Amino acid sequence: MSVLLFTIIVLLGAFVAGLVGSLTGLGGGVIIIPLLTLVLGVDIHYAIGASIISVIATSSGSAAAYVKEGITNIRIGMFLEIATTISAIIGAVVTVYINPSYIAIIFGLILLFSAAMMIRKKIDHSDNDTSGRLAVFLKLNGTYPTENGMQNYAVHNVIGGFLMMFVAGIISGLLGIGSGALKVIAMDNIMRIPFKVSTTTSNFMMGVTAAASAIVYLHRGQIDPGIAMPVALGVLTGATVGSKILVKTKTDKLKIIFAVVVAFLALQMIYNGLTGRL
């Protein structure tokens, strides 16, 4: 395969990854890593390095639009990033000591979980009036725009959400993905934040989390500019388009399609991990 063809394939794949990552809050790594490892035969550690760059690009492309729309809760994001950045560095350091086949299996399992999270029924927590004491102390409660005007929401179980973010950070550093599914669980299920706020805040956090682990991969020389450059450009473009779609349209049907694709990629990663092909 020529360098030009390789770059074009990566660029187009990265665009799709950025679009999916922005619409679902999962990050571009769910598409980028299977594309690079299964289709293009790239070493999984270099694929993870490029994926981390894609996560940063996804966050940069979509977070700005969500902050401008007033959906993202910046205070929650900054607070929870304390847990994700520390644990992301831990995950990035540990990954070099794990067999690549095991990493592929873990990645596949996380993808299956992410696919299930995409199609699960979302619970609306917008009508929460009561709030946890710690949330009040840290001023984490907020508002977000709806068709009927600004909607108030309250935050609960801050400690539980913080601990889940620590787990999400380790997975992010280990696998080079945004761990958006775990972050959304922390904010949506545990902290009971409205789903749209949790999704957009997850996007806001991903860039900082990925940047922390990117330092480790860059130090090891596992971020190849020839791979990372088209990944970053494609994902940034896709994320920007995705953020505009999410704000204006309902994406329920698209998420079902994406969930099927992600589940297929997950099974492929698990199979290749079990057979030692990665």
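The values are calculated or read from the model by the stated rules, or taken from the named source; none is laboratory data. Just so you know, these numbers come straight off a predicted model, no measurement behind them. Note: ideal-geometry Cβ built from the backbone for every residue, glycine included; neighbour counts use all protein chains shown.
Observations
- The number of residues in region 88-120 being assigned to a helix (DSSP H, G or I) and surrounded by fewer than 20 Cβ atoms within 10 Å (Cβ to Cβ) comes to 16.
- For ARG220, the conditions (1) touching a strand residue (DSSP E or B) at 6+ places or on another chain (Cβ under 7 Å); (2) basic (Lys, Arg); (3) within 22 Å of ILE44 (Cα to Cα) are fulfilled apart from (1).
- Consider region 189-199 and keep the residues that are assigned to a helix (DSSP H, G or I) and more than 18 Å from GLY70 (Cα to Cα). The one that is modelled with the lowest pLDDT is ASN189.
- Every condition in (1) assigned to a loop (DSSP other than H, G, I, E, B); (2) of a type outside the set (Val, Ile, Thr); (3) buried (at least 24 other Cβ atoms within 10 Å of the Cβ) is met by MET1 except one, and the failing one is (3).
- Close contacts from region 38-61, counting a first residue that is at positive phi and a second that is of a type in the set (Val, Ile, Thr) and surrounded by 24 or more Cβ atoms within 10 Å (Cβ to Cβ), with Cβ to Cβ under 7 Å and a gap of 6+ residues or different chains, come to none at all.
- Subset of region 57-84 (residues that are closer than 18 Å to ALA17 by Cα and crowded, with 24+ Cβ neighbours inside 10 Å): ALA57, THR58, SER59, GLY61, SER62, ALA63
- Among residues of region 121-144 being touching a helix residue (DSSP H, G or I) at 6+ places or on another chain (Cβ under 7 Å) and at pLDDT 85 or above, the one that is surrounded by the fewest Cβ atoms within 10 Å (Cβ to Cβ) is LYS139.
- Boolean, ILE185 is part of a helix (DSSP H, G or I), surrounded by fewer than 18 Cβ atoms within 10 Å (Cβ to Cβ) and modelled with pLDDT under 80: no
- Among residues of region 200-237, those that are buried (at least 20 other Cβ atoms within 10 Å of the Cβ) and either of a type in the set (D, E, K, R) or part of a helix (DSSP H, G or I) (or both), counted: 23
- All positions within region 54-86 that are of a type in the set (Gly, Ala, Ser) and over 27 Å from ILE33 (Cα atoms): GLY70
- Matching option when the condition is among the polar types (S, T, N, Q) and outside any helix (DSSP H, G or I), among THR85, THR72: THR72
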